Structures are given as C-alpha cells and as structure tokens.
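As structure tokens, the structure follows; a few thoughts come after it.
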Amino acid sequence: MYGMLLESVQHFVRLEYGEEVWQKALQMSECKHTVFNTHQVYPDHIMGSLASVLAQITSQSYESFMNFFGKCFVRFFSNYGYDMTIKATGRFFTDFLESVDNIHIQFTLSYPKMKSPSMYVTEVDENGCVLVYRSGRQGFTHYVMGQLCQIAGDIFNLKLETTVLSQENVTIGTRNIVIVHFRLNFDNSQYVLTKKAETAAHLETRQLAPFSCTVLLELFPFAILFTSMMEIVGCGEKLTQVAGGENKLLKQLVTKFFRLRRPKGITFNWKNIINLKSVMFEVELLRGELVPKSEICSSSTSGNTLTDKTDAREIEIDGKSISPYALRRDSQPGLKNILLKGQMRYLEDINAMIYLCSPVVNDINELPDQGIYLNDLNPHGLGKEMVLAGWQHNSKLGLVFDKAEQRATELENNHNLLDQWKCRGDDLLYSMIPKSVADRLRTGKSPLSTCESFDAVTIMFSELVGFNSSTVQDAMELVSTMNAVFSCFDSLMDKFDVYKVETVGQIYMAVSGAPEKTPTHAQNVCDVSVCMMQHVKRLKIPSGTKVDIRIGIHSGPVVAGIVGIKVPRYCFFGDTVNTASRMQSTSSPGMVHISRQTKDHLPKDRYVVENRGLIKLKGKGEVQTFWIFEKPVDE
C-alpha cells in the first residue's frame, strides 16, 4: 500500500491518542518506519499490525481501529483536495459507489503501483443498496466500512449504516480474493426518483426509428459486439483490420482473443460485465492468438507472404521477417498486444453487449509496435490530440517522476540517518548527564533549575593504586589499565542503580540516591563496591600488572546540579563529598572503607562488618570507621 494510507493513520493517532501512544504502537508492532512517504509503497501488514497493538494498548477491538483508520484516510486525503474528485463523480452517493472503480483507475496515473479493490452496486432501492467488495487484501472489511461512513457523512451529508451480509474467500488463479456483500442503509430516495424520471424521458423518445448496430461499429472503430454466450457477433472496422480480417473474430468467444485487465480479480463473463457495466473496462487484444501456426504456411494469409529464404518458417509483415515462434511475444513490431479502454453498454433489444472503446496509446512511438495509426483512432474523440500531446510531454513528465522518486528515496535515507544520529546523540548525552535531568533541559528549562538538594545519598570514591607513571611506557600502560578497569566498573553501575559521576585521574566517583531518590542508596553503593573488588581480582591485564583498588564510602546530604556550558557535567557539592574522598584516601588496597553514617543505613546481617577503630580524617578529627566484606554463602 502507498504511504498516504499510513500517513493518515500516523497523523490522527497522534492527534487523538497522543504521541506516546503512537511511539508505543510503533515499538510493539516492530515497525521500522518512523516516517511514511506519500508515494512510497509499504507492506500491507503494517496497518493490521498497528491496529492490533493499538487495540491492546487502548483495550479496544481490532475492528474498531480498522474502522477508525478508514475514517482517518478520508479525513486526510480531503486535505489534498481528493474529495473534489468524489464530489465530481455524481449528484448522489449511489453515483459515487458506481464510480469507485473508475476513480481508482484515474488515480493509477499518480499511483501506478496501486492495488485497488473492485466494487459494484446491486439491489438499489429507496433505503439504500447492496455493495459487493472484492479485494486481494485480507482483513480490510471494517476499513472500507469506515471509509464509506466518512464519505457519506462529510461529502454527501448522509447517515450511513453498514452491515456485512456475507463474506467468502475464493481462489482465482494464484490469487486469494475476499468477496464481501455489504448492505448500505441510507436515504436513497432522490436517486431512485431521478432514475425513474430518466426512464420516463427515455420512453418518450422511443418513437424515433431504430438504427442498425453497424452505425455504432462505424462510430467506434475498435468496438466489439457480443452475446450473452460471450460470442462475438460484430467488430469495428479498425479492429477487424488489425485482427487480419473479420472472419478471425466473428462467431468466436471473446475470451479466446481478448484478456480482461481491469477491473482486476474478476472472471471475464457475462454476469460480471452486467454487474460492472458502469465501470471502465480495460481489455487486451492478444495479437499472438490471431496468427495460428496452421496459417503460417498458407500463402493466402492476409498481408503475409512466405519469403524465399525461410523454408516456410518465417513470415513477412510490413517488410519485416518474423519467426512464427516469436509471434506471441509482445516485443515484435506490429504484433504487440493492443490495450483497449472503454465502457460496456447493454443493448436490451438484441440482448447483447457492445464494448465502446479506444486503444490506449501513451506515446506516438507505440503506434508502429501496435500496428495502428493516428487515422485509426476515433474521429470524434480526443485520442489523436492526446497522443500527440503525450509525445511532447512524456519525456518531461518522466523526468519529473524520476526526480520525485529519487527525492523520496533520499528523504527516507535521511530520516533513517537522522534516527541513527539521534540515538547516538542521546547515548552521548545520557553518558554525561542523567536521563531525567537531560530530559528536563530538553524542555527548555534553565540549567539552574536542575540544582537540587538531597537529604541522603551515598557517595563512593575508588582509586587505582600501585602504579608508577614516571616514564612514557608506564603512562601508556596506566592508561590501558585504567580503560580496562573503568570500563568494567561502567558495566556494573546500571545493574546496581548507581550513577557514575566522573573519573579524575585514577579516581572513580559514583553515587546512589541522586538524581533518582531511593531509600536503599547505601546498600546499592556497598553492593557495587563489593562487586567491583571481585571483578578487579579476576581482571587480567595484557601487561600482567597486578591491579588493586581502594574504596571509600560516606552517606549524607548533598547539593547537585549542571555545571558548565561546552562540556556540561552533573556535579555534587557539600561536606559529604569531601568526607567520602577522605574515606577513600585513608582506605587500604583491596578494602572497602565505610563511615558510621553509611553503616547506619545498611540492613543488618547483609555484610560482614569489621570495626576499624578511630581514624583521623582531615578536617574531621578522629572518627570511627568500618571495613565491609561480602558475607559468605554458607552463612
């Protein structure tokens, strides 16, 4: 399906349910597209997946969302002016229903890859009609119902009630077609009265003398007249010429020499033609079927003569030697299939159908391939002028389409790159500033607004010890070791709900309880500290250097906020920070040193706590501190 259908869904889901619901729906449906381009084709299953996950999110039904999506599309394409096409189809809603297929055919000029459904009307009465819907897509029944209700209300000011009378799946060739019969209830009285008035006016003109069908075949030189048994009983003059003589087509089945192209998905039979007689038909003349092998060797073939050199294996058409084995190929000059487009009209007097049509010629260069000329086209139509105009403008139009398609592809690639770089930018930002604080800054709040006091947090300082960086080689080894150790520490922070503040030289600082407050801040820091000790002991450095760390922990109040402009950092201030730093500097390698304040916040019996005694801290005097160790499993 084209992106416009998904654009409408995206726009109105955001409008009526909010951006958060839409993003959640994209994530749950695993849709890789965040932006939909109008003229790009997307898989059909995307819309059904979005309806399913939105039904889960909002506790509504899948059918209700498909109905909502159908209404969204009508509301959306009205912004592009496509509603004027519907208004121009006829005076009544029933006129529109009878012309849906014709509208789809016209839109194929702008959307050439469109796979449109087919619809026709039966059982018309004052209270509505029965609409038959045929499509190769599954699960779009309620989507169509939503579209019809919205069109009836917005454009024709009618209240429409739709009911599904029956639904079946049939297989035509390799395609699985769903056929749905809808009962549409609406005020259809004006349409019925108008049709009765037209019938009465037609009866008044029946006093005119009848005329021969040959007049129609002269007016439409490519017309076909056939009976209810699908047997050809008349052909236009030019169609007879390109077919190689009238005897080739008369009293033959239409389906032998003609293939139905549009409406798609239906069988070329009398019943379907009667039901769809208001729809524009596209029928392809199979030129290869007109030159059977039995006639190749006959010198009496119209316009064809055997060459002296070919031993009856080649024929000559318009001076060109053509192999009989290639006669069915569309690429052969003069033998290319001809596409006819027009309307089927039922002639009640003789119980026959006449196909009033003209060849579809996109460019003047196609005429020789089809074996027809400008003089063969309907003299009363605009076919000649359109071919000549198309020849002049086709190259310009093709260039415009190519550029538009190229820009659409570039736009999609740019959107994908934008998403990738946005993710990278988010990762970099969240590595410098906590996510909750960064999101506040994104809303436009001042950095000063991030300044906040915390009554109780736990701060940890860890230092690599035993290194000497007096030489360049030692410094390189130190940098390599610090990278390995600190990368290991970084991987542990989120696991224990601890925020890494910064690294200064060989010192690693972390905190719990800020910016996200938690009552278990002391336990989180002690858990990660014990885990850090275990990982450092198991860490193998390429140089073989033994790595050791010492850790100091203290709990208390702090003030935190964003500092800096070019490289902003989330920093902590207060006596608690200084005391934690002193706890680290007075610790010992391989030990976790904690203060009494931290010990008081820890749950009992979670760790092995050993009293270190009184330790002199700068600016604090003598204070009582403790060592903590992981509690053995057997205890």
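Label positions at K422 and V35, each projected 7 Å from the Cα along the C-beta direction, are separated by 0.9 nm.
Tell me, in nm to one decimal, what length is gained between V130 and K495 on full extension, where the rule is 0.36 nm per residue of separation less the Cα-Cα distance?
Details: separation 365, 0.36 × 365 = 131.40 nm, distance 6.27 nm.
Stretched out fully, the V130 to K495 stretch lengthens by 125.1 nm.
Give me Rg/Rg_expected for the stretch 1-46, where Rg uses Cα atoms only and Rg_expected = 2.2 N^0.38 Å with N residues.
Taking N as the residue count of the stretch 1-46, the ratio is 1.08.
When L602, L411, L184 are compared by accessible surface with a 1.4 Å probe, the order from highest to lowest is L411, L602, L184. Near F186, once Lys and Arg are set to +1 and Asp and Glu to -1 for all other residues with Cβ below 9 Å from its Cβ, the sum equals -1. Evaluating kT/(6 pi eta Rh) at 37 °C and 0.692 mPa s, with the Kirkwood radius of the stretch 418-538 over Cα pairs in the Stokes-Einstein relation, gives 201 µm² s⁻¹.
Once the mean of 1/r is taken over each pair of separate Cα atoms and inverted, the stretch 569-613 shows a Kirkwood hydrodynamic radius of 12.3 Å. Label-to-label distance, H535 versus D600, with points set 7 angstrom from Cα along the beta-carbon direction: 3.1 nm. Distance between the pseudo-spin-label points of S278 and S436 (7 Å out from Cα toward the beta carbon): 6.4 nm. Taking all Cα pairs closer than 8 Å and separated by 6 or more residues, the relative contact order of the stretch 35-163 comes to 28 percent. The dipole here belongs to the stretch 2-133: it is taken about the Cα centre, uses +1 on the Cβ of Lys and Arg and -1 on the Cβ of Asp and Glu, and is about 460 debye. Per residue, the accessible area of the stretch 526-610 comes to 50 Å² when a 1.4 Å probe rolls over the protein heavy atoms. Taking Cα centre as origin and charging only the Cβ of basic (Lys, Arg, +1) and acidic (Asp, Glu, -1) residues, the dipole magnitude of the stretch 34-110 rounds to 240 debye. Given in Å, the Rg to one decimal and the Dmax to the nearest whole number for the Cα atoms of the stretch 113-266 are 20.7, 55. Estimated from the Cβ-Cβ distance and a Förster radius of 60 angstrom, the FRET efficiency linking K618 and Q138 is about 0.20. Estimated from the Cβ-Cβ distance and a Förster radius of 41 angstrom, the FRET efficiency linking L15 and S189 is about 0.65.
A full extension of the chain between A88 and R175 corresponds to an added length of 28.0 nm, given 0.36 nm per residue minus the alpha carbon distance. Here r is the Cβ-Cβ distance between D402 and E630 and R0 is 45 Å; the resulting FRET efficiency, rounded to 0.05, is 0.10. Nonpolar atom fraction for the stretch 482-635, defined as the carbon and sulfur part of the 1.4 Å probe accessible area, stands at 51 percent. Is any residue of the stretch 71-112 close enough, with backbone N under 18 Å, to a label point placed 7 angstrom from the Cα of E123 along the Cα-Cβ axis, and if so, which? Residues passing the 18 Å test: 94, 97-98. The amide H of N337, built 1.01 Å from its N in the peptide plane, has R287 as neighbours under 5 Å, considering only residues 5 or more places off or on other chains. When the residues M591, M532 are ordered by accessible surface, computed with a 1.4 Å probe over the protein chains alone, the sequence from largest down reads M591, M532.
For the stretch 84-224, with all protein chains in place and a probe radius of 1.4 Å, 54% of the accessible heavy-atom surface sits on carbon or sulfur.
The amide H of Y120, built 1.01 Å from its N in the peptide plane, has V132 as neighbours under 5 Å, considering only residues 5 or more places off or on other chains. Rolling a 1.4 Å probe over the protein heavy atoms gives the stretch 1-127 an accessible area of 48 Å² per residue. Figure legend: label point modelled 7 angstrom from the Cα of R345 along Cα→Cβ; residues of the stretch 213-231 with amide N under 14 Å from it are 213-226.
The values are calculated or read from the model by the stated rules, or taken from the named source; none is laboratory data. This structure is a prediction, so every number in the text was calculated from the model and none was measured. For neighbour counting, all protein chains shown are included, and Cβ atoms are generated from backbone atoms with ideal geometry for every residue, glycine included. Heads up: the accessible areas ignore ligands, DNA and RNA and are worked out on the full protein's heavy atoms, side chains in. Shrake-Rupley method; radii C 1.70, N 1.55, O 1.52, S 1.80 Å.
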